[in-house]
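J.: Sharing a structure with you now.
No value in this document is a laboratory result; all are computed from the given coordinates. Since the model is a prediction, treat every value here as computed from it, not as a measurement. Note that we place each Cβ from the backbone using ideal geometry, even for glycine, and neighbour counts take in every protein chain shown.
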Amino acid sequence: MLFTPLLLVCMQDMSMCKVQSTGSILPTEKQCMFEIGGGIEAFEAAGFVVVDYQCVTWEKRQPA
């Protein structure tokens, strides 16, 4: 499996929100969570609110 970190980030007044990602595809959930932690710190330091976060799990699908 592979993982991508996603953050739902909003302005302080919640007037605008967007999903942010590093675009990274990471080999472990632990690495993904580490990147999420760094992203939360960076956005909060810039004055944004991180409403939610998750590591999206990617699995290779077999053709039907």
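J.: Taking region 12-61 as the region of interest, how many residues are among the small types (Gly, Ala, Ser) and touching a residue at least 12 places away in the same chain (Cβ under 8 Å)? Don't jump to the end; show me each part of the working.
T.: First, the residues of region 12-61 that are among the small types (Gly, Ala, Ser): 15, 21, 23-24, 37-39, 42, 45-47.
Filter once more, so that each one left must be touching a residue at least 12 places away in the same chain (Cβ under 8 Å): 21, 23-24, 39, 47.
Matching residues across region 12-61 total 5.
J.: Collect the residues in region 1-51 that are among the hydrophobic types (A, V, I, L, M, F, W, C), under 14 Å from the mean Cα position of the chain (by Cα) and closer than 30 Å to residue 62 by Cα, keeping them in residue-number order.
T.: Within region 1-51, 2, 3, 6, 7, 19, 25, 26, 32, 33, 34, 36 meet the criteria.
J.: Ok, one more. Please return the ranges of strands (runs of 3 or more DSSP E) entirely within the chain where 3 or more residues are out of contact with any Ser or Thr (no Cβ under 9 Å at 6 or more places or on another chain) and of a type in the set (A, V, I, L, M). It would help to see each step written out before you state the result.
T.: On the way: elements: 2-10, 17-20, 49-58.
So the answer is 49-58.
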